Protein chains: 2
Amino acid sequence: MILALDLGGTKHTVAVHQPGEAGWRAHERVFSPPGADAQYDLETVVALGRKLTKRQPISAIGVSFGGPVDYISGTVHLSHHVPGWEGIALGSRLEDTFGVPAVVDKDTNAAALGEYRFGAGRGTSSMLFVTISTGVGGGWILDGRLWRGAGRLAGEIGHTVVEPEGPMCLCGKRGCTERLASGPFMAEDLRAGLEATGLDIPGPLTGQRVAEMAAGGHTMARLILERGARALGIAVGNAVNLINPERVILGGGVTKSGELWWQEVRQAARQTALPQIGLEIVPAALTDDAPLWGAVALVLEKDD
Amino acid sequence: MILALDLGGTKHTVAVHQPGEAGWRAHERVFSPPGADAQYDLETVVALGRKLTKRQPISAIGVSFGGPVDYISGTVHLSHHVPGWEGIALGSRLEDTFGVPAVVDKDTNAAALGEYRFGAGRGTSSMLFVTISTGVGGGWILDGRLWRGAGRLAGEIGHTVVEPEGPMCLCGKRGCTERLASGPFMAEDLRAGLEATGLDIPGPLTGQRVAEMAAGGHTMARLILERGARALGIAVGNAVNLINPERVILGGGVTKSGELWWQEVRQAARQTALPQIGLEIVPAALTDDAPLWGAVALVLEKDD
């Protein structure tokens with residue numbers, strides 16, 4: 001039996017899975033209150049884990065963490081959303097608490113592995129998973145294994161540049177995929193565009209709202225959504241030219257932006273990839289539980 | 001003993017190598033006359049191979065081919081330079097002629113493997129090799145093996161887009177790395193720039209000439225060389241963000257463009273790669289014989 005943890009920015013999920021079974025033996029999701037820090041979040045998931053495993057002995061723990069971690073040592077580098085995670089030895093803490101081995105990886109790797117084992121990547125031996133949400137990140141399965149990179153930093157498709165003269169990204173570069181395609185940045189671009197032209201700003205703007213307005217015929221929203229989708233498509237096409245994976249899987253909130261978005265992504269990717277390269281772009285299958293299934297898969301991968 | 005063949009556009013090399021030794025037992029290079037076709041080139045290298053292996057029994061043949069081939073079947077898709085190669089079963093032909101197994105791959109993969117085993121990639125377990133010459137192409141070593149991709153089309157860094165609004169590439173896209181960074185295209189851009197401004201065109205222009213003029217203080221030549229170097233650096237930085245290899249190795253004629261070119265490539269790559277990602281960019285070590293050493297390495301890889 002495997003204890004699977006998904007530690008997000010504000011949302012944490014703890015579940016128990018028996019390998020070979022289709023679903024969860026137990027599954028609980030909690031939301032952190034505003035101002036929660038690493039200590040609070042860690043205590044919360046440990047308490048939940050204790051509760052769920054009281055009558056179900058576990059043999060291993062898999063953890064998906066919403067930020068960069070050192071996969072080998074299980075130590076968190078930091079969280080971009082929650083203070084206090086710097087240098088916390090999350091793997092060892094959980095091993096000490098539960099008395100079983102723990103494996104920790106960042107959420108994009110976990111989600112890639114989850115989709116590969118249990119979702120839209122089944123049947124392939126190589127795939128690129130990309131999540132397009134508040135950020136844009138990716139994970140690679142190559143030859144049936146997670147490819148983490150020499151410094152375990154692979155998969156940063158969000159910080160590949162698609163418009164060298166484009167707008168400034170948080171990372172300091174111009175025209176990164178994340179700067180153009182992520183939900184919050186599309187919302188920011190729409191707000192800036194509306195302000196610049198003196199148009200009304202209809203309430204709080206989010207990536208989802210941009211997509212809704214675009215679908216409703218709002219020209220500026222449509223242009224921004226299309227630009228984001230095109231940037232993502234170019235980034236995906238470039239990645240496919242470089243690595244030629246069997247399948248590309250897109251997940252995250254922005255993939256729910258509707259047919260216009262998908263069309264634009266697919267078209268830009270197809271135009272960017274060389275004509276002879278096979279290109280299959282499909283939606284993620286696991287939705288919210290992708291990192292949690294990934295946490296399970298991290299344990300199974302270790303045992304392979 | 002291994003028979004190694006390097007079939008280029010106009011230059012072919014045939015050599016015999018004893019694994020474990022430092023150099024070649026025999027090594028001959030020939031140039032095709034203008035108008036040579038596949039049949040001519042094949043007969044030439046077969047005759048050379050027969051001559052070199054007369055007194056040296058070989059156990060396998062490795063072939064680097066200057067164009068896309070199907071690695072599994074050893075069949076050539078085509079040559080972009082020599083007519084008549086379409087569909088020729090190069091591997092089987094050589095196996096029938098010499099009575100030993102043959103392994104065939106495209107030159108960029110062979111050169112990547114050659115650098116990995118015998119050149120600037122020794123000691124790593126993952127690397128990206130890029131050749132910048134009449135074209136721009138690449139090859140990946142991941143986890144100590146050549147990564148060929150699901151359709152065996154990986155490594156096309158020359159057709160990753162760095163300037164979506166840039167000049168048109170032969171492949172039909174705009175702003176491909178090859179369109180900006182390859183020797184002939186830099187020469188074409190300089191010619192067009194000189195013509196447009198009514199300046200003198202100083203004799204035949206080549207990539208090498210652009211580099212010489214840039215080094216000699218010619219402003220337009222310098223701007224074009226820098227733009228090409230920057231495009232390559234962005235492409236390399238994006239590739240590093242995606243895959244995080246241990247080392248990047250650059251080879252091909254354009255890498256002899258001098259310190260200005262290397263500085264610009266390294267700077268653009270460093271600015272594009274995320275700050276925390278290690279980035280080591282070094283020149284290829286094997287120069288002209290890289291694909292030939294790669295042909296040897298293809299045989300050794302098969303035996304691993």
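The values are calculated or read from the model by the stated rules, or taken from the named source; none is laboratory data. Please read all numbers here as calculations on a predicted model, not as lab measurements. Here Cβ is always computed from backbone atoms with ideal geometry, including for glycine, and neighbour counts include all displayed protein chains. The area values use the complete protein model at the heavy-atom level, side chains included, leaving out ligands, DNA and RNA. Shrake-Rupley method; radii C 1.70, N 1.55, O 1.52, S 1.80 Å.
For the reader, a short list of remarks on this structure follows.
- Folded to 0 to 90 degrees: helix A:290-303 orientation relative to chain A principal axis, Cα: 50
- Other-copy label distances relative to A:G258, 7 angstrom Cα-Cβ extension, nm: 5.5
- Each principal axis of the Cα cloud of the range B:39-155 was taken in turn, and the coordinate range along them, longest first, works out to 37, 32, 26 Å.
- Scaled against the 2.2 N^0.38 Å expected of a compact globular protein of N residues, the Cα radius of gyration of the range B:200-284 reads 1.17.
- Gyration tensor verdict on the protein assembly as shown (Cα atoms; rounded if a/c is under 1.5, prolate if a/b is larger than b/c, oblate otherwise): oblate
- Other residues with beta-carbon under 12 Å from the beta-carbon of B:A38 carry, at +1 per Lys or Arg and -1 per Asp or Glu, a net charge of -3.
- Helical runs assigned H by DSSP (4 residues or longer) give the protein assembly as shown a calculated mean residue ellipticity at 222 nm of -12500 deg cm²/dmol, each run adding -39500 (n - 2.57) before division by the residue total.
- Note on A:174-181: average number of Cβ atoms from other chains within 10 Å of each residue's Cβ is 1.
- Inter-copy spacing of B:S59 label points, which lie 7 Å from Cα along Cα→Cβ, given in nm from shortest upward: 4.3
- Debye intensity ratio in log₁₀ form over the Cα atoms of chain A, taken at each q of 0.11 Å⁻¹: -0.67
- Kirkwood Rh, angstrom, the range B:1-44 [1 / mean 1/r, Cα pairs]: 11.3
- In this simple spin-label approximation, A:T197 and A:V30 carry label points 7 Å from Cα along the Cα→Cβ vector, and these lie 4.7 nm apart.
- Peptide A:144-154, shielding by other chains (average Cβ, 10 Å cutoff): 6
- Beta bridges from DSSP with both residues in the range A:119-253: antiparallel share about 70 percent, rounded to the nearest 5.
- Distances from B:E212 to itself in the other copies, using label points 7 Å out along the Cα-Cβ axis, amount to 6.6 nm in increasing order.
- Chain pair B, A: total accessible area buried, heavy atoms, 1.4 Å probe, Å²: 2900
- Accessible area per residue was computed with a 1.4 Å probe on protein heavy atoms; B:K302 scores about 120 Å².
- Between the amide H of A:I249 and those of A:L128, A:F129, A:V130, A:V282, distances stay under 5 Å, these residues lying 5 or more places away or on another chain, with hydrogens modeled in the peptide plane.
- Solvent-accessible surface of protein heavy atoms, probed at 1.4 angstrom with all chains present, puts A:K54, B:K173 in the order A:K54, B:K173, largest first.
- Within 10 Å of the Cβ of each residue in B:271-279, the mean number of Cβ atoms contributed by other protein chains is 5.
- Heavy-atom surface analysis with a 1.4 Å probe gives chain A a carbon and sulfur content of 51 percent of its accessible area.
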